[in-house]
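Input: a single structure, listed below in structure tokens.
The values are calculated or read from the model by the stated rules, or taken from the named source; none is laboratory data. This is a predicted model, so every value here is computed, not measured. A quick note on method: Cβ atoms are made from the backbone with ideal geometry, for glycine too, and the neighbour counts reach across all protein chains shown.
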């Protein structure tokens with residue numbers, strides 16, 4: 001089971017739009033790691049792609065299928081090449097900013113709730129401690 005023809009053709013169109021040729025991509029099939037037992041140890045289902053012009057490389061062994069790993073690796077490589085060509089990918093930057101704002105809001109809210117539950121006293125005295133003169 002791999003990607004359907006529509007996804008493959010969309011990926012090839014994206015490659016041609018960016019000016020990436022299949023000849024510029026070096027492809028190796030290597031043994032992957034992880035779950036799968038003896039089968040995964042014997043077969044070369046992971047894919048290693050390297051773009052010769054930009055010297056960017058990607059390894060993908062997420063799926064047990066070589067065909068699917070090849071598609072995923074190529075998609076990741078095209079994303080990386082596009083990011084280097086355009087500078088920064090705006091979608092990634094927006095997502096990072098959104099997560100930072102969410103974390104900041106949670107932090108402020110947690111501090112506020114903690115101060116309501118456990119108010120911080122200005123001075124504390126213990127039984128065996130003398131008060132300052």
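For the range 1-94, the strands (runs of 3 or more DSSP E) that sit wholly inside it and include 3 or more residues that are loosely packed, with under 14 Cβ neighbours inside 10 Å and at pLDDT 85 or above are 25-30.
Pairing each residue of the range 31-53 that is at positive phi with any residue that is loosely packed, with under 12 Cβ neighbours inside 10 Å, provided the two are 6+ apart or on different chains, yields no C-beta distance under 7 Å.
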